[in-house]
Amino acid sequence: MPVPTLNAIVSALRFFFTHTLDRPDLARRLVRLAYPLTLPVVLSRDEVTRLLDATTCLKHQAALSVAYGAGLRVAEVAALKVIDIDSARMLIRVERGKGGRYRNALLPADLLTLLRQWWKVGRQQGVMQRDGWLFPGQHPMKPISTRHLHRIVVEAARAADIAKRVGPHTLRHSFATHLLEDGIDIRVIQVLLGHAKLENTAFYTKVATRTVRTVTSPLDKLGLFKTGEIAPG
């Protein structure tokens, strides 16, 4: 059984013994296991472009563009309604974020243009309502499912010949990493992602390769090894 799953069981048992049975003594022996965090898979900007171009319809392209362009979680994308797009302030209202927290997300100008195109097409297809879901499912009264969004990403990645193991959250990882590489303050990124703790956002510094490449090593500043001055062997 994966360690995160075991830790979830431990947390549930500790709550049961401590609060339900009022026996905190029984919970003392329940210890959460430490496990190494794996680095998230991040797409390059070229790979993101190829993935979005490989989608099969405007609705799918718009949904994945929201995930990347605003850095939303897959459940947040699925739960968006048309009224959540605030074009006057260039914001996306996220009312069903993790932990039930509300926040404002980024609405890039190009993303707004794409969403307006999807609005026109959706209205023509009869699936879009002014107070309805931004991305309706097979039934217009229900939102697209997170499972369907995951399948869309996987199929688009396969069509774009991207060998990396990707999912909807990969686009969110890529959003945060690319912002960090562009020099955006990490606390701003924390707000945009809706992270409660800065340490969760700081994790992206481990995969921001462009940021690493801009650092000059102190060895280079010594000037010991000039190009062409090292004898072979």
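Descriptive notes on the structure:
- Remark: pairs (first residue in segment 181-194, closer than 17 Å to Thr170 by Cβ; second residue in a helix (DSSP H, G or I) and not aliphatic (A, V, I, L, M); Cβ separation under 6 Å; 6+ apart in sequence or on different chains) = Glu181/Arg210; Glu181/Thr211; Ile189/Thr201.
- Residue count for segment 137-159, restricted to those that are farther than 29 Å from Val41 by Cβ and touching a residue at least 12 places away in the same chain (Cβ under 8 Å): 1
- In the set (1) under 18 Å from the mean Cα position of the chain (by Cα); (2) at pLDDT 95 or above; (3) not acidic (Asp, Glu), the condition left unmet by Trp119 is number (1).
- Picking from residues in segment 39-56 that are in a helix (DSSP H, G or I) and either in contact (Cβ under 8 Å) with a residue 40 or more places away in the chain or surrounded by 12 or more Cβ atoms within 10 Å (Cβ to Cβ) (or both), the one that is nearest to the chain's Cα centre (by Cα) is Val48.
- The single condition among (1) touching a helix residue (DSSP H, G or I) at 6+ places or on another chain (Cβ under 9 Å); (2) more than 11 Å from Arg73 (Cα to Cα) that Pro168 does not satisfy is (2).
- Taking segment 163-176 as the range and being touching a Leu at 6+ places or on another chain (Cβ under 9 Å) and either crowded, with 20+ Cβ neighbours inside 10 Å or assigned to a helix (DSSP H, G or I) (or both) as the test, the residues that pass are Val166, Pro168, Thr170, Leu171, Arg172, His173, Ser174, Phe175, Ala176.
- Filtered residues of segment 189-214 (kept if modelled with pLDDT under 70, under 16 Å from the mean Cα position of the chain (by Cα) and in a loop (DSSP other than H, G, I, E, B)): Val207, Ala208
The values are calculated or read from the model by the stated rules, or taken from the named source; none is laboratory data. Note that the structure is a prediction, hence the values are computed from the model and not measured. So basically every Cβ, Gly included, is an ideal-geometry build from the backbone, and we count neighbours across all protein chains shown.
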